[in-house]
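FYI, it's all coordinate maths here, none of it is from the lab. Note that the structure is predicted; figures quoted are calculated from it, not measured. Neighbour counts run over all protein chains shown; Cβ positions are idealised from the backbone, glycine included.
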Amino acid sequence: MPRLVQKSPSVCVDLPLDNSDISNKLHLLRQLLRSCFGPTGRLKQVHNNIGGHVITTSTSSVLLPAISSSQPFINLIKTSILNHVSRFSDCGLFAATLCLCLIEQAKQSGLRGAVAIRVNKHLLGLCISYLQGEDCGCKVKLDFCSSHNLITLARSVISSKPACVLTEPEALHISKLAVQAFLLTVPCNSPGVVSLGKIVTVSVEGHAVLNSAVFPGLLVDTPDVFCLDKSENVHSNPLLRVVLFSASLAGDLSELGDGIIEVHPGVDTDMQILDQLLELGKQVVKDEVKLFVCQKVIHPVLQQYLRSHSVVVIERLGITLMEPLTQLTGAQPVATLHTKIPAKAYGTVRDLSIRQFGSKTMLHLHPPGESAICTMILCHRNETMLSELKVVCQKTEHVLRLTLRDPAALLGGGCTDTHLAAYIRHKMCRVHWRHRGDCHTGSSPVTSPGTSSPPQIAVSFKRFHVILMQRNSGL
């Protein structure tokens, strides 16, 4: 059978670096990422060729997904760097530029691909062993007995992004808030395996950065302030009962899925569902529930019935806040309205209060005891700065969490680059002397007979040292 569409040539090739178009795009990508790195880095505005939303950033986790390419080789590099950022939340620009420099230098060195791979693996092993060693001169131990080191670490991450446009007092204030929120997510007196809590970030545009704050517990958008003002006995009990629904309570049949529903003639299905919702409301009132929360929509009649009985109602919570609210209250989400609510599904909160942030009215849910859930209110002057600040604070939280597993940090400002460059230069001289016979004889740890001559290895070592020094001089 003849083809309806002519088969196009494959875009995957076995030697992508021999393609001048791919090499030029790799060089352009390296220049783009390198110009964003360090204190002299510049911002990039990215948008597609037909217009649309403009992204202003210098953060690798935002910049790389916004750059599209039709070359699988470039997309492979992008995916690798984004995987690095998702694991460590730091040094994305450094890892990307170093990777692209190594690819470019390996091509210019004239080494065969297999030899270049073995050399780079050996150099990577040398760097890792040096950084993990006790005598590493560019590693700083973090002391959790004092918050000074944690604030300094957080500030180094936050102040590295110029798109946040923070003054010195503002950067220090956000750094302190990031450390405070991180410490609130670490549970106290938890036996066995420790499970960290969550930080819920709420953005408030048009206010000063110094108005940002951190609150223990959860803050939820609630436009209906009167629902709390009409509650009469909201403070009478030490704990307030909470019920949480993950199913829609709008009165539709979406939760039943696809299929055929048989209805008897003359039966009003809308009234049947509304009666079921009201029966649910009666059970909630009977069980003395004070906070009724639904992930989706609640029928207006059910809302009116609950509020007339002094029940605080929150709808359209969203899937993002479901897990933090479950951890905070201990409630189990109810997935249907056609069964009676089990007693174990109820949760509790200690108190409810209203907080106002600009045009946003937030309902503050106070945890019933020690809770690892907190809310960070981030304020900034415009949407672009606020979006970048939110991303940077999330990265800072991840970096601080990684310190629990390995309480150490590397020096910034090019110090780590300089140390590694000096270390590689020292190892390069040792390998060169060894092959000249100045030291004991033996084969190179990265070569085998007939693969590469010692001068080539020395040249590759030297190129790696030059790359690190170039990275340092670009700071």
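What the Cα atoms of region 38-185 give is an Rg and a Dmax of 18.9, 54 Å.
Reducing region 99-172 and region 300-376 to their Cα centroids gives an inter-centroid distance of 43 Å. Pairs exceeding a 29 Å alpha-carbon distance, out of 141/427; 290/395; 198/282; 25/176: 290/395; 198/282; 25/176.
Judged by the mean number of other Cβ atoms found within 10 Å, the most tightly packed of the peptides 240-250, 271-281, 26-36, 130-140 leads the ranking 240-250, 26-36, 271-281, 130-140. Relative contact order of region 269-323, taken over Cα pairs closer than 8 Å and 6 or more residues apart, is 37 percent. With a sphere of radius 15 Å drawn around the Cβ of residue 194, what net charge do the other residues whose Cβ falls strictly inside it have (Lys, Arg +1; Asp, Glu -1)? With Lys, Arg at +1 and Asp, Glu at -1, the net is +2.
Taking K and R as +1 and D and E as -1, what net charge do the other residues with C-beta under 14 Å from the C-beta of residue 28 add up to?
Counting the neighbours of residue 28, the net charge comes to +3.
Relative contact order, whole percent, for region 12-115 stands at 27, derived from Cα pairs under 8 Å and 6 or more residues apart. The alpha carbon centroids of region 28-85 and region 197-214 are separated by 27 Å.
Taking Lys and Arg as +1 and Asp and Glu as -1, the other residues whose beta-carbon sits under 14 Å from that of residue 385 total -1. Across region 120-129, coupling constants 3J(HN,Hα) worked out from phi with the 6.51/-1.76/1.60 Karplus curve, θ = phi - 60°, read 5, 5, 5, 5, 5, x, 5, 5, 5, 5 Hz, and Gly and Pro carry x.
Please report the relative contact order for region 43-176, taking Cα pairs under 8 Å with a sequence separation of at least 6, and give it as a percent rounded to a whole number. Intermediate results must be reported in sequence, preceding the final value.
Values: 72 pairs, mean separation 25.6, N = 134.
So the answer I get is 19 percent.
Seen from a random direction on average, the alpha-carbon convex hull of region 257-407 projects onto 14.0 square nanometres. Residues within the reach of a label modelled at residue 18 (point 7 angstrom out along Cα to beta-carbon, backbone nitrogen below 12 Å), restricted to region 43-73: there are none.
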